[in-house]
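The values are calculated or read from the model by the stated rules, or taken from the named source; none is laboratory data. Note that the structure is predicted; figures quoted are calculated from it, not measured. Cβ placement follows ideal geometry from the backbone for every residue including glycine, while neighbour counts extend to all protein chains displayed. Note: areas computed on protein heavy atoms with side chains; ligands, DNA, RNA excluded. Shrake-Rupley method; radii C 1.70, N 1.55, O 1.52, S 1.80 Å.
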Amino acid sequence: MISPQRITRVAGYGMTQAADAYVYRPTSVEEIRSVFEEARASGRKVTLRGAGRSYGDGNIGAESLLIDITRMNRILAWDSASGIIDCESGVTIENLWRYCLEDGYWPPVVTGTMYPTLGGALGMNVHGKNNYCQGTIGEHVVDMDVLFPTGELKTLTNEDDLFYAVISSAGLLGVITRVKLKMHRVASGNLDVWAEAAKNWDEQFALFEKYEHDADYMVSWVDCFSKGAKAGRGQFHGAWYKQREDLGSRVASNQDLPALILGIFPKSVLWRELKLFCNRPGMRLLNAAKQFASSTIGNNKMHDQSLVAFSFLLDYVPDWRRAYEPGGFIQYQTFVPKEHAKAVFAQQIRLQQEYNLESFLGVLKRHRPDRFFFSHAVDGYSLALDFKVTEKNKAKLWELAHKMNDLTLKNGGRFYFAKDSTLRPEDAEQYLGDALHKFRVFKSEYDPEGLLSSELARRLKLS
Ligand SMILES: Cc1cc2nc3c(=O)[nH]c(=O)nc-3n(C[C@H](O)[C@H](O)[C@H](O)COP(=O)(O)OP(=O)(O)OC[C@H]3O[C@@H](n4cnc5c(N)ncnc54)[C@H](O)[C@@H]3O)c2cc1C
């Protein structure tokens with residue numbers, strides 16, 4: 001009998017989807033094994049969850065036994081000569097940089113927030129602003145332990161096909177319990193960061209092409225309200241690791257983001273101010289103001305920035321997602337081959353404007369393909385978009401998303417389960433192709449009773 005006291009309402013990060021589940025917070029492989037036994041005995045499914053930073057429905061499961069991995073957060077070994085760290089999968093990106101930066105190492109791939117766990121990051125196989133040159137997080141794993149629902153614990157390396165299936169499988173094949181990761185050597189806790197305004201789509205793509213051969217990171221902001229000759233305008237940032245040995249200037253202890261903005265306003269209440277602008281006119285204004293600042297005072301400038309400030313801009317405003325309450329928001333990110341990216345993204349933005357549903361934030365990144373089964377990346381670009389969801393706009397927003405999905409599919413593009421809320425099973429079948437078939441073969445071997453599931457798996461009929 002499962003205790004009803006475990007019942008908790010759990011949501012995806014975008015707050016548009018939530019479900020009640022029986023939550024377990026195990027601290028060992030043995031405890032995870034016993035959750036699978038309880039699931040078997042009670043006829044329920046099991047859903048895996050890290051820090052809950054996936055926006056959609058990949059980390060929730062209605063009435064399932066939900067394994068929250070965050071208490072398995074011990075660092076087991078650290079070798080500062082080789083830069084190899086061995087840890088439990090509940091260790092977060094934040095734990096990694098805080099532990100290793102003192103010795104001159106930074107995680108090889110980081111997301112726009114420092115809070116994801118390694119298990120969750122590998123579940124989705126996350127990328128960073130260096131995806132085009134460093135690949136995804138999975139490419140930096142030396143080995144990892146995976147507990148399958150059958151009770152079998154396996155150590156996998158990149159020599160195993162199963163390694164490429166588990167990483168990216170959105171928690172549907174087995175529980176990653178331990179990870180050995182190769183960290184990246186850095187000479188400094190700071191980066192050289194170049195900011196340059198782009199007047200339109202042509203300039204945006206020209207900047208990525210100009211810097212892709214030597215920049216260590218690239219990312220660009222896109223104003224989704226701009227039209228006509230100004231469509232696609234925004235601000236590009238390229239960043240380079242420093243070569244000289246000045247790590248001492250910015251070690252782990254002084255990378256923290258300040259608690260006050262402009263030395264006066266507490267960051268913790270900023271989301272309330274942001275909420276005032278969280279509507280079409282407000283966001284049109286903020287995007288225009290940002291464009292003005294980017295093309296004047298902030299333009300064509302190289303500056304010094306700490307690794308943390310450059311990497312985790314979104315953590316700057318705690319609870320920023322609350323500005324989207326009560327309906328929440330969806331993040332929508334599609335990946336399109338480089339030959340078609342400009343035309344597809346321009347058309348996606350035009351469609352949003354026709355629907356009067358412009359994304360409040362647009363982020364452009366450069367990517368490279370990888371061999372993980374549910375890979376999202378291509379040799380091309382992605383555009384990530386944030387859409388506010390309300391009772392009133394929901395049906396229209398999903399209709400718009402389906403049109404944008406069709407454009408992506410027609411142009412050989414791909415999608416990302418960490419950011420998805422709108423795909424249909426036939427869309428997933430189409431872009432995943434043979435990988436989905438191969439995944440299902442592994443699923444029947446390593447999870448023959450189909451215990452591992454989620455709302456994402458149900459929606460897309462993945463298993
Ligand atoms: C502000 C913000 C910025 C972001 N920026 C980026 C970015 O730049 N690049 C990017 O790629 N993503 C980005 N993301 C998405 C985020 O990095 C991913 O969704 C990541 O998977 C979240 O990790 P998590 O620990 O929160 O996992 P969760 O969201 O809780 O889970 C993710 C998936 O992994 C599975 N899972 C969890 N634990 C395990 C385990 N131990 N073993 C196997 N499977 C497991 C879950 O079932 C789920 O399917 C961002 C998210 C936010 C909120």
Item to check | Pair list, Cβ under 7 Å, 6 or more apart: region 69-90 residue farther than 14 Å from residue 102 by Cα, other residue open to solvent by 50 Å² or more (accessible area, probe 1.4 Å) and hydroxyl-bearing (Ser, Thr, Tyr) | outcome: 75/99
Item to check | Answer residue from region 133-159, given it is touching a residue at least 60 places away in the same chain (Cβ under 8 Å), within 19 Å of the chain's Cα centre (by Cα) and open to solvent by 10 Å² or more (accessible area, probe 1.4 Å) and is nearest to the ligand (Cβ to nearest atom) among those | outcome: 139
Checklist outcome for this item: Those residues of region 361-375 that are open to solvent by less than 20 Å² (accessible area, probe 1.4 Å) and assigned to a loop (DSSP other than H, G, I, E, B) come to a total of 4
Checklist entry - With respect to residue 257, is the statement that it is open to solvent by 20 Å² or more (accessible area, probe 1.4 Å), more than 22 Å from residue 101 (Cβ to Cβ) and modelled with pLDDT under 95 true? => result no
Checklist entry - If residue 335 satisfies every condition in (1) modelled with pLDDT of 95 or more; (2) within 12 Å of the ligand (Cβ to nearest atom); (3) part of a helix (DSSP H, G or I) but one, which is the exception? => result (3)
Item to check | Scan of region 106-131 for residues that are more than 13 Å from the ligand (Cβ to nearest atom) and open to solvent by 10 Å² or more (accessible area, probe 1.4 Å), ordered by number | outcome: none
Checklist entry - Among the residues of region 275-288, which ones are open to solvent by 60 Å² or more (accessible area, probe 1.4 Å) and either part of a helix (DSSP H, G or I) or among the charged types (D, E, K, R) (or both)? => result 275, 276, 280, 281, 284, 285, 286
Checklist entry - Does at least one position in region 29-39 carry a residue that is over 17 Å from residue 153 (Cα atoms) and either open to solvent by 40 Å² or more (accessible area, probe 1.4 Å) or modelled with pLDDT of 95 or more (or both)? => result yes
Item to check | Residue that is nearest to the chain's Cα centre (by Cα) [pool: residues in region 386-406 that are charged (D, E, K, R) and open to solvent by 10 Å² or more (accessible area, probe 1.4 Å)] | outcome: 388
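Looking at region 85-105 only, could you name the residues that are among the hydrophobic types (A, V, I, L, M, F, W, C) and not in a helix (DSSP H, G or I)?
Those that are among the hydrophobic types (A, V, I, L, M, F, W, C) and not in a helix (DSSP H, G or I): 85, 87, 91.
Determine, yes or no, whether residue 115 is within 17 Å of residue 188 (Cα to Cα) and in contact with a strand residue (DSSP E or B) (Cβ under 7 Å, 6 or more places away or on another chain). Walk me through it before giving the result.
Values: within 17 Å of residue 188 (Cα to Cα): no; in contact with a strand residue (DSSP E or B) (Cβ under 7 Å, 6 or more places away or on another chain): yes.
The answer is no for residue 115.
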Item to check | Candidates 172, 162 - the one that is within 16 Å of the ligand (Cβ to nearest atom) and part of a loop (DSSP other than H, G, I, E, B) | outcome: 172
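Of all residues in region 56-77, how many are open to solvent by 30 Å² or more (accessible area, probe 1.4 Å) and either closer than 29 Å to residue 333 by Cα or within 10 Å of the ligand (Cβ to nearest atom) (or both)? Break it down into steps so the answer makes sense when it comes.
Step one: filter region 56-77 for residues open to solvent by 30 Å² or more (accessible area, probe 1.4 Å), giving 62-63, 70-71, 73-77.
Those left that are additionally either closer than 29 Å to residue 333 by Cα or within 10 Å of the ligand (Cβ to nearest atom) (or both): 62-63, 70.
The qualifying residues number 3.
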Checklist entry - Of all helices (runs of 4 or more DSSP H) completely enclosed by region 377-463, which ones contain at least 2 residues that are away from the ligand (no atom under 16 Å from the Cβ), within 18 Å of residue 55 (Cα to Cα) and at pLDDT 95 or above? => result 394-410
